[in-house]
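J.: First the structure, then my questions, so here it is.
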Amino acid sequence: MNRRELERLTQGMADCTLSAEEISTLEEELLTNPDSRDFYRRSMRVEQLLEESLHLGSPPASGEWMNAYMRRRQRKAMLRSALAAAAVLLVSALVLHHIFLREPDTTIRVAFSPGTSWSGSIGKDGKIAHGEPVRLEFGVAELNIPGQVRAVIEGPAEMVLRGPGLLELREGSGWFRVDESGRGFRVLTPSVEVVDLGTEFGLVTRPDELDVIHVFDGRVRCSARFAMKEERELRADESLRLSPVGRWIEQDPNEAMFLKSLPPKLPGIWFSFDGEDPLKPEGEYPAVRGMEVRTHGGGPAQLTEGVEGKALSLRERSDTVRTNWPGIGGAASRTIACWIRPDGRNSPPFAGIVSWGDPSGSQLARCNFMIGKSRKSEARVLRFAVGRSTQFSGSTPIVAGEWQHIALVFRGTRNIDGDMVELYLNGEREQLNPEFSQLPKDDRVISTVIDSLKSQPLQIGCGPFPQSYGGRFFGDIDEVRILPRALSAREVKGLMGNRKAASDR
Amino acid sequence: MKPQPDEINEAMRDFVRDVTEIQPALRAFIGYLMSGTGEVADVTQEVNLLLWEKRDQFEPGTNFRAWAFTCARYCVLGHLRRMRREGRHIFSPELVDQLADEWQDDAKAHEKELVALEYCLERLPSEDLDLVRTRYGSHGGVQRLANRLGQSAGSMRIRLFRLRAALKRCVEQQIDEEGDFA
């Protein structure tokens with residue numbers, strides 16, 4: 001049997017996908033060929049390592065086998081001395097926990113920023129019910145155990161209050177401030193346990209990423225919950241990220257990535273191109289702090305009179321703007337809106353207005369809001385390219401030389417009205433033009449890749465390409481807004497404010 | 001002389017600690033012998049139960065690990081025989097016995113293997129790491145990932161096949177290189 005076939009059968013065995021005939025073929029090979037048995041053994045060893053490292057929850061945590069045993073014995077009503085000893089220990093631990101850690105009121109109260117979308121069991125008094133998950137689709141929640149813990153959680157997130165001083169954070173980005181009386185507060189994610197030792201810290205846990213923790217004040221103890229289960233103690237200004245096998249790797253702390261209070265408005269990024277530093281982003285969004293923004297040429301932004309104050313003027317390649325923010329990844333919903341005044345003389349077939357993501361051939365998982373020229377009618381219309389090869393095009397021609405408000409609402413997986421994408425021109429929803437679009441053929445999720453080697457950060461005035469080659473926009477852009485949620489038609493109109501498009505004045 | 005309660009408690013604690021310590025290796029051993037059955041987790045728990053019930057038969061001071069693996073081996077063979085009687089298509093007890101003979105259990109090697117795996121996983125492009133994590137992280141995850149990226153599950157599986165083979169080569173190479181310098 002050749003090595004490739006042996007590899008195929010070995011992997012199939014690990015996956016439980018082999019037919020009876022294939023199992024017999026593999027068995028015969030293994031019985032007669034010691035080299036194949038050696039290969040099989042080494043392969044299965046790596047399979048087990050991968051299972052142990054990556055299948056969170058599968059490897060038994062310390063003592064978990066004992067708990068399983070205990071449960072079994074309880075069911076069989078065969079409680080013996082070992083269980084009694086363990087029960088005594090457990091009861092003692094609970095008593096000590098209550099005596100030393102529990103304060104009279106350990107209920108968590110929750111408040112949300114305006115516009116937050118959440119679900120879960122929360123009382124009228126704002127108290128979270130024990131054991132009931134609370135999910136944030138988008139927006140921000142502030143959790144409060146009076147006098148002990150204050151936390152600000154940014155969605156998408158899911159959390160469950162497991163008991164006094166124990167919060168399970170299944171997904172989300174959270175900042176925690178724990179006072180002296182709350183010391184010992186624990187946060188449990190699917191892959192780590194963080195025990196506060198009197199401190200301020202931030203924790204990010206996402207389904208497709210490895211957890212990271214930042215300590216800004218005091219100390220915490222963090223333990224990986226799988227594979228090598230490394231435990232570390234962190235002090236102020238230290239940060240760790242988890243490795244795929246449960247070890248901790250040091251990295252630079254980044255305080256700017258966490259919200260520390262409820263924002264008065266829903267988080268978002270806003271480029272007004274006004275003020276002393278016209279490229280400085282504003283808005284209630286962690287990425288705003290520390291975001292580096294520059295023109296491709298490295299010189300000052302070229303400005304012109306805008307819809308409100310100044311606007312970004314794009315005439316040369318060097319005028320386009322590049323940031324260091326990777327953008328909104330995956331299938332997360334988002335809204336992009338701005339005012340544009342396209343140049344009538346210079347109109348390339350595709351002109352990127354706001355873009356990010358991976359434009360490479362293998363992924364083509366980009367997010368590119370642009371103007372596209374229809375080959376059939378030569379008219380320039382709104383166009384949104386997302387994911388691998390999907391494009392949504394509008395129908396109404398864009399007018400050169402006039403200010404127009406444009407918006408894109410991407411719903412990701414949440415397909416409320418049967419539409420994944422909505423395009424708006426001057427506050428009115430655009431009819432999609434199927435001839436000039438490549439619409440999804442089914443309900444597959446379409447995503448943006450923001451962490452590949454070829455992924456480009458947020459850029460304004462060009463497509464998601466390095467050096468702004470290709471897909472440049474010629475004209476003026478003002479009041480760029482990027483929001484991590486899908487706005488309603490009314491909200492999109494609200495972004496226009498009291499200003500109307502030139503054509504309506 | 002009868003052992004005192006303190007001695008009994010200490011022996012029990014030692015036993016619990018020993019069983020806990022060998023869990024990853026025990027699971028790897030059972031996973032190796034029972035690959036393709038989908039019953040690895042259940043049998044691992046069964047073996048833990050067996051070890052606990054037979055704890056009086058373990059002679060303190062002798063090799064606990066070897067004793068536990070011998071118990072595990074017979075427990076696995078018992079399960080496989082039952083499954084074959086039920087008409088399940090799995091390896092014969094003869095082959096499993098031979099595979100068990102050739103298993104090399106080395107407690108010290110385990111940490112080195114994990115470090116080697118970490119090295120290899122850290123060098124994967126993020127989309128490949130996503131795919132590998134999806135395969136081992138959740139049931140049906142590859143199909144969901146394929147949907148999310150707009151690719152066919154078939155092409156994902158081909159990529160995964162290559163990735164797993166490459167990871168295996170990488171881990172072995174790392175361990176060999178470390179051995180050269182040890």
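J.: B:VAL171 is checked against (1) more than 29 Å from A:GLY330 (Cα to Cα); (2) surrounded by fewer than 18 Cβ atoms within 10 Å (Cβ to Cβ); (3) at pLDDT 75 or above and fails just one. What number does that condition carry?
T.: (2)
J.: Take A:MET70 and decide whether it is modelled with pLDDT under 90 and in a loop (DSSP other than H, G, I, E, B).
T.: no
J.: Now for a different question. Quick one: which residue in B:ARG73, B:ARG88 is in the same structural domain as B:ASP42 (by TED's automatic domain parsing), outside any helix (DSSP H, G or I) and of a type outside the set (Phe, Trp, Tyr)?
T.: Checking each option against the conditions leaves just B:ARG88.
Let's see how each residue does on (1) at pLDDT 70 or above; (2) facing chain A (nearest Cβ under 7 Å); (3) surrounded by fewer than 17 Cβ atoms within 10 Å (Cβ to Cβ):
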site	(1), (2), (3)
B:LYS108	yes, no, yes
B:ALA116	yes, no, no
B:LEU131	yes, no, no
B:VAL142	no, no, no
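J.: Separate question: What about A:GLU193, is it more than 19 Å from the chain's Cα centre (by Cα), assigned to a strand (DSSP E or B) and outside the structural domain of A:PRO484 (by TED's automatic domain parsing)?
T.: Judged against the criteria, A:GLU193 is a match.
J.: Provide a single number: the residues in the stretch A:10-26 that are over 14 Å from B:THR37 (Cα atoms) and surrounded by 18 or more Cβ atoms within 10 Å (Cβ to Cβ).
T.: The total comes to 1.
J.: Tell me whether the stretch B:67-83 contains one or more residues that are within 13 Å of chain A (Cβ to nearest Cβ), farther than 30 Å from B:GLU111 by Cα and surrounded by fewer than 17 Cβ atoms within 10 Å (Cβ to Cβ).
T.: The answer is yes, given that some residue of the stretch B:67-83 is within 13 Å of chain A (Cβ to nearest Cβ), farther than 30 Å from B:GLU111 by Cα and surrounded by fewer than 17 Cβ atoms within 10 Å (Cβ to Cβ).
J.: Would you point out the residue of the stretch A:32-54, among those that are more than 7 Å from chain B (Cβ to nearest Cβ) and over 18 Å from B:THR37 (Cα atoms), that is farthest from the chain's Cα centre (by Cα)?
T.: Per the criteria, the residue is A:THR32.
J.: What number of residues within the stretch B:28-69 satisfy the criterion of being within 15 Å of the chain's Cα centre (by Cα) and either hydrophobic (A, V, I, L, M, F, W, C) or under 27 Å from A:ASP15 (Cα atoms) (or both)?
T.: Adding up the residues that qualify gives 23.
J.: Name the residue, out of A:SER223, A:SER243, that is in contact (Cβ under 8 Å) with a residue 24 or more places away in the chain, over 22 Å from the mean Cα position of the chain (by Cα) and under 22 Å from B:LEU117 (Cα atoms). Can you show your working first?
T.: Values: A:SER243 fails: over 22 Å from the mean Cα position of the chain (by Cα).
Only one candidate qualifies: A:SER223.
J.: What residue, among those in the stretch B:34-62 that are within 9 Å of another protein chain (Cβ to nearest Cβ) and closer than 15 Å to A:GLN48 by Cα, is surrounded by the fewest Cβ atoms within 10 Å (Cβ to Cβ)?
T.: Restricting to residues being within 9 Å of another protein chain (Cβ to nearest Cβ) and closer than 15 Å to A:GLN48 by Cα, the top hit is B:GLY38.
J.: State which residue is surrounded by the fewest Cβ atoms within 10 Å (Cβ to Cβ) when the search covers only the stretch A:360-385 and only residues that are more than 26 Å from A:ALA311 (Cβ to Cβ), in contact with a strand residue (DSSP E or B) (Cβ under 8 Å, 6 or more places away or on another chain) and in contact (Cβ under 8 Å) with a residue 40 or more places away in the chain.
T.: A:SER374
J.: Here are A:ARG235, A:ARG225, A:ARG221: which of them is among the charged types (D, E, K, R), over 30 Å from A:VAL492 (Cβ atoms) and within 14 Å of another protein chain (Cβ to nearest Cβ)? If you could, list the steps in order and put the result at the bottom.
T.: Values: A:ARG235 fails: within 14 Å of another protein chain (Cβ to nearest Cβ); A:ARG221 fails: within 14 Å of another protein chain (Cβ to nearest Cβ).
Checking each option against the conditions leaves just A:ARG225.
J.: In this structure, is A:ILE450 in a loop (DSSP other than H, G, I, E, B), farther than 23 Å from A:ASN346 by Cα, β-branched (Val, Ile, Thr) and at pLDDT 85 or above?
T.: Answer is yes for this residue.
J.: Suppose we filter the stretch B:70-110 for residues that are within 30 Å of B:GLU177 (Cα to Cα) and acidic (Asp, Glu); how many remain?
T.: Going through the stretch B:70-110 one residue at a time, the tally reaches 4.
J.: Given the options A:ALA87, A:ALA77, A:ALA82, A:ALA20, name the one that is at pLDDT below 55, within 8 Å of chain B (Cβ to nearest Cβ) and over 40 Å from the mean Cα position of the chain (by Cα). Please lay out each step first, then the result.
T.: Values: A:ALA87 fails: within 8 Å of chain B (Cβ to nearest Cβ); A:ALA77 fails: within 8 Å of chain B (Cβ to nearest Cβ); A:ALA20 fails: at pLDDT below 55.
Result: A:ALA82 is the single residue among A:ALA87, A:ALA77, A:ALA82, A:ALA20 that is at pLDDT below 55, within 8 Å of chain B (Cβ to nearest Cβ) and over 40 Å from the mean Cα position of the chain (by Cα).
The values are calculated or read from the model by the stated rules, or taken from the named source; none is laboratory data. What you see is a predicted model, and the numbers here were worked out from it, not measured in a lab. Note that each Cβ is placed from the backbone with ideal geometry, even for glycine, and that neighbours are counted across all protein chains shown.
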